[in-house]
């Protein structure tokens, strides 16, 4: 079965810190979870993540004032009902995939998404057999179909919400496979 997914994460060039995941199965089932183990202080200091990712994840902010009285977010506290430990998310994903002999994974610019997924299980070698050691990249289909980026379907809402992005990955995939099949 084919699974379209997306992750949100914080990265600094050395580490990739998993924040959330959304998965859409080709049969229409959906899964969404937020980690309650990511480094909230580092995310709070990242304006892009705060403005683009954390707007769809329920959280409270710990705010202090700087020397000039300007409010600064020092930390965030995840209050999202979808928040779970990484171990719980890993088990949920296995339950979601079930005993599927071969899960086919697809993501947009999939490299970091796959790292986030794999790290839920520990080292790459610890990936369960029913999950592949790689994720197919929808961006590669763009190259194969020779489609200009401005001709791809636009995501109407929810950009950088992992589940909304996963759903849009299926839209992109279907569009590109249509182009490739003539």
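Every number here is computed from the coordinates shown, using simple stated rules; none is lab data. Since this is a predicted model, take the numbers as computed values, not measurements. Backbone-built Cβ (ideal geometry, glycine too); neighbour counts: all protein chains shown.
Remarks
- Here the condition is being in a loop (DSSP other than H, G, I, E, B) and either in contact with a strand residue (DSSP E or B) (Cβ under 6 Å, 6 or more places away or on another chain) or farther than 25 Å from residue 127 by Cβ (or both); of 60, 80, 75, it holds for 80 alone.
- Sole residue being surrounded by 19 or more Cβ atoms within 10 Å (Cβ to Cβ), under 17 Å from the mean Cα position of the chain (by Cα) and not in a helix (DSSP H, G or I), chosen from 163, 159, 131: 131
- Filtering segment 62-97 to residues that are free of Cβ contacts under 8 Å to residues at least 40 places away in the same chain and under 15 Å from residue 39 (Cβ atoms) leaves 62, 73, 74, 75, 76, 77.
- Subset of segment 15-54 [free of Cβ contacts under 8 Å to residues at least 24 places away in the same chain, surrounded by fewer than 13 Cβ atoms within 10 Å (Cβ to Cβ) and over 20 Å from residue 119 (Cβ atoms)]: 28, 47, 48, 51
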